[in-house]
Amino acid sequence: MSEQSPRPRKPGKPYRRPQKDPVRFLAFEALRAVDERDAYANLVLPPLLRKAREKGDFDARDAALATELVYGTLRRQGTYDAIIAACVDRPLREVDPPVLDVLSLGVHQLLGTRIPSHAAVSASVELARVVLGDGRAKFVNAVLRKVARDDLGTWIERVAPPYDEDPEDNLAIVHSHPRWVVSALWDSLGGGRAGIEDLLEADNERPEVTLVARPGRSTTEELLREEAAVPGRWSPYAARLSEGGEPGAVAAVKEGRAGVQDEGSQLVALALANAPLDGPDEKWLDGCAGPGGKAALLAAVAAERGAMLLASEKQPHRAGLVAKALAGNPGPYQVIAADGTRPPWRPGTFDRVLMDVPCTGLGALRRRPEARWRRRPEDLEGFAPLQRDLLRTALESVRVGGVVGYATCSPHLAETRAVVEDVLKQYPHTELIDARPLLRDVPALGEGPDVQLWPHLHGTDAMYLALIRRTG
């Protein structure tokens, strides 16, 4: 199958102007932004939806469909690419990206939603006429009609190798993850087919919106008075919004007294805050504070104890986000823009230090599905020196008897245990604290002393935490 160039209309044949479908056009716009500008869907989509609502083009059902089309297409991109590749006569890299986006949207409607096949094809072809032109719309029509002949299960059997012959490639296509990510996650889990399949399936599920009540400014009880809210699973400050719940409509969120924050992030911050400490407990540091979620929770807990938080973030615009998140905190705090590898503060200044280091983000693929296609194995090499440098800074910034929390939103062993083990070899006067008792009632935390959370086991992002006490 090949793309066709526009043909002249036959004499006397009436021309019908293509009809713009606002929902599918918006979904296409979002996918193009993700592809062309390396944007994240969770940042691109909300302003597009807001603008559409303001123009009167959208109601709640339209917004829900557009959201499903964007996120569903991105999550299943690997599977859909394999199916589309089986229906065209050229490598996918030779298909223009806008054409591929229209095809992927169409395949998701055909194989990933309850939209009737005829409606999915006709709507996709109409979108192609609007954004690509009549010639390439014919190409889209031909490909999608091929796809529509079978269901998703049949297509997967056709395009994925048998599990027994190539388990990693099978899982990569079936669950729509790059092969290297499948391999890395499998290593982190420690083997076993059931665990890796459960994790990959969880990565493809729509995550719940979780709120955090910032102590001294809001309460969980206040959040639970919202019609769509139910209690969090693990964090005492968490409330989950049921499907359709809009965080921007919650008064405490609008006023900055509460925020949107995954429970895994809440647990990491609270574990550091509650770790046993020798001596005073007055000065806390968040050394990689942007965009401010953990810093806001830490600052609020610190204020309850009469402690102050210094929130440091290298990028000035992200430091601005931190300042916004902390505005109104009931106790003392300070936000600065500073390089955590060359800190302006003196060694041994702090009692508690959190270093939630930059990483590949493989633990948040539910929320940022496009990240799985954007990351490469070589990215690990780029992050590794920075992660080690930041952990060294943390260990030098904490006083003797104080505690450091090293955290990542990645379960990759090269970003978690390997970093901690390497750095602690250079700092003999340190000891790992068992973090598991600090995450009370949370099951399946492994052998310790560090902690790895998982989407399929805990319903959180795959946050990692190691707690380290400086002993000399």
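How big is D for the range 191-230, in µm² s⁻¹ as a whole number, if Stokes-Einstein is applied with the Kirkwood radius of its Cα pairs at 37 °C and 0.692 mPa s? Diffusion coefficient, whole number: 254 µm²/s. A Cα-only calculation for the range 73-147 places Rg and Dmax at 11.0, 30 Å. Charge dipole of the range 124-223 (Cα centre as origin; +1 on each Lys and Arg Cβ, -1 on each Asp and Glu Cβ, all else neutral): 760 debye, rounded to the nearest 20. Binning the alpha carbon pair distances of the range 218-301 at 5 angstrom intervals from zero yields the distribution 3, 13, 24, 23, 17, 11, 6, 3, 1, 0, expressed in whole percent. Computed about its Cα centre, the charge dipole of the range 85-161 is approximately 120 debye, with only Lys, Arg, Asp and Glu carrying charge at their Cβ.
For the peptides 323-329, 19-25, residues were scored by their other Cβ atoms within 10 Å and the scores averaged per peptide; the highest-first order is 323-329, 19-25. Peptides 274-287, 392-405 ranked from most to least packed give 392-405, 274-287, packing being the mean of other C-beta atoms within 10 angstrom over each peptide's residues. When Rg and Dmax are taken over the Cα atoms of the chain, they come to 24.6, 90 Å.
How many percent of all Cα-Cα pairs in the range 99-235 sit more than 28 Å apart?
More than 28 Å apart: 46 percent of the Cα pairs in the range 99-235.
Measuring between their Cα centroids, the range 405-472 and the range 35-66 lie 37 Å from each other. The magnitude of the dipole of the chain, with charges of +1 and -1 set on the Cβ of Lys/Arg and Asp/Glu and taken from the Cα centre, is near 1840 debye. Charged neighbours of GLU421, selected by a Cβ distance under 11 Å, balance to +1 (K, R count +1; D, E count -1).
With the convex hull drawn around the C-alpha atoms of the range 26-108, the volume per residue stands at 87 Å³. Of GLY361, THR341, LEU386, which is farthest on the positive side of the dipole of the range 311-405, counting Cα position, with +1 on Lys and Arg Cβ, -1 on Asp and Glu Cβ, and the Cα centre as origin? Looking along the dipole axis, the top candidate is GLY361. Applied to the range 324-330, the Karplus parametrisation 6.51 cos²θ - 1.76 cosθ + 1.60 on θ = phi - 60° returns per-residue 3J(HN,Hα) values of 5, 5, 8, 4, x, 4, x Hz, with x for Gly and Pro. For the range 156-206, the list of trypsin sites (Lys or Arg not before Pro) that fall in a loop by DSSP and count at most 16 other C-beta atoms within 10 angstrom is empty. The heavy atoms of ARG206 offer some 130 square angstrom of accessible surface to a 1.4 angstrom probe. What's the local net charge at TYR464, with K and R +1, D and E -1, over the other residues with C-beta under 12 Å away? Around TYR464, the surrounding residues sum to -3.
Could you state the angle between the C-alpha long axis of helix 293-304 and the longest principal axis of the C-alpha atoms of the chain, as a value from 0 to 90 degrees rounded to the nearest 10? The answer is roughly 30 degrees. Sorting the segments 159-168, 209-218, 118-127 by their mean number of nearby beta carbons within 10 angstrom, highest to lowest, gives 209-218, 118-127, 159-168.
Charged neighbours of VAL250, selected by a Cβ distance under 11 Å, balance to -2 (K, R count +1; D, E count -1).
The accessible area of TYR333, taken with all protein chains in place and a 1.4 Å probe, comes to roughly 80 Å². Computed on the Cα atoms alone, the convex hull of the range 253-329 gives a volume of 86 cubic angstrom per residue. Taking all protein chains as they are arranged and a probe of 1.4 Å, the heavy atoms of ARG374 leave approximately 70 Å² accessible to solvent.
Computed from backbone phi, the HN-Hα couplings of the range 31-44 come to 5, 5, 5, 4, 6, 7, 10, 6, 6, 9, 4, 5, 9, 7 Hz, rounded to whole numbers (Karplus: 6.51 cos²θ - 1.76 cosθ + 1.60, θ = phi - 60°; Gly and Pro given as x).
Hand me the GluC sites (Glu not before Pro) from the range 339-393 located in a DSSP loop with no more than 13 other Cβ atoms within 10 Å, in residue order please.
On the way: sites: GLU370, GLU378, GLU381; in loops: GLU370, GLU378.
Those satisfying the criteria are GLU378.
Compared with the direct C-alpha span, the chain from GLU255 to GLU378 gains 40.2 nm at full extension, assuming 0.36 nm per residue. Per residue, the chain exposes 45 Å² of solvent-accessible protein surface, assessed with a 1.4 angstrom probe and all protein chains in place.
The stretch between ILE336 and VAL400 holds 20.6 nm of extra length on full extension. This uses 0.36 nm per residue minus the Cα-Cα distance.
Contact order for the chain, expressed relative to its length and based on alpha carbon pairs under 8 Å spaced 6+ residues apart, stands at 12 percent.
May I ask you to give the average projected area over all directions of the convex hull of the Cα atoms of the range 375-472, in nm² rounded to one decimal?
6.6 nm²
The values are calculated or read from the model by the stated rules, or taken from the named source; none is laboratory data. Quantities reported herein were computed from a predicted structural model and do not represent experimental measurements. Cβ sites come from the backbone with ideal geometry, for glycine too, and all protein chains shown count toward neighbours. Surface accessibility is based on the protein's heavy atoms, side chains included, excluding ligands, DNA and RNA. Shrake-Rupley method; radii C 1.70, N 1.55, O 1.52, S 1.80 Å.
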